[in-house]
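To keep things clear, I will list the structure first and then write my remarks on it.
The values are calculated or read from the model by the stated rules, or taken from the named source; none is laboratory data. In this text the structure is predicted, and so the values were computed from the model without any measurement. Heads up: the accessible areas ignore ligands, DNA and RNA and are worked out on the full protein's heavy atoms, side chains in. Shrake-Rupley method; radii C 1.70, N 1.55, O 1.52, S 1.80 Å.
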Amino acid sequence: FSTAGSRTLTAIYAGDRNFNGSTSATVSQTVNSPTVSLSSPSINFGNVTRGTSQTNAETVSNTGTGALISFSWSVTGTNASKFTVSSTTCGTPPATLNPGASCVLNVTFKPTVTGTQTATLRLTDNASNSPQTIGLSGTGQ
């Protein structure tokens, strides 16, 4: 089983001319699953002067019962080059985040032009709602 929850299995053999029929004992399996919770669905960096930078944090928590594995992140979208994950407490991708644990992705916005700039912080992992996305926006001044 690959999705969270409990399953019960009982095998029944009807028998044939060589063997009598029988029913097995019940076997149960519980599959634990990670659940990703984000501190915010978006990060707005506000107005940032060209040539300077602003860093904001996104906290990622595993509120599920299974380990979050193959956890990685990337910045995608129109202005992805203006946003970077500048530091993290999440380890090196592909990372693991145990049940009940949290880590921080520090995202930096460094505009080189004026105007609104947007991108997406994309998280991929083994949670059922993967990938998770965080909208990134800021305005170069």
- Here the Cα Rg-to-2.2 N^0.38 Å ratio for the chain is 1.60
- Item | In order through region 90-96: 3J(HN,Hα) via Karplus (6.51 cos²θ - 1.76 cosθ + 1.60), integer Hz, x for Gly, Pro | 8, x, 9, x, x, 9, 10
- Task: Amide H neighbours of residue 126 under 5 Å, at least 5 residues apart or on other chains, H built in the peptide plane: list them.
- Result: 69
- For region 39-48, what does the Karplus curve 6.51 cos²θ - 1.76 cosθ + 1.60, with θ = phi - 60°, yield as ³J(HN,Hα) per residue in whole Hz, taken in order and with x for Gly and Pro? 5, 7, x, 7, 10, 10, 7, x, 8, 10
- Message: Taking amide H atoms as placed 1.01 Å from N in the peptide plane, list the residues 5 or more away in sequence, or in a different chain, whose amide H sits under 5 Å from that of residue 66.
- Response: 33, 35
- Roughly speaking, to the nearest percent, how much of the chain's 1.4 Å accessible area is carbon and sulfur? 48
- Message: So, for the chain, what is the accessible surface per residue at a probe of 1.4 Å, expressed in square angstrom?
- Response: 57
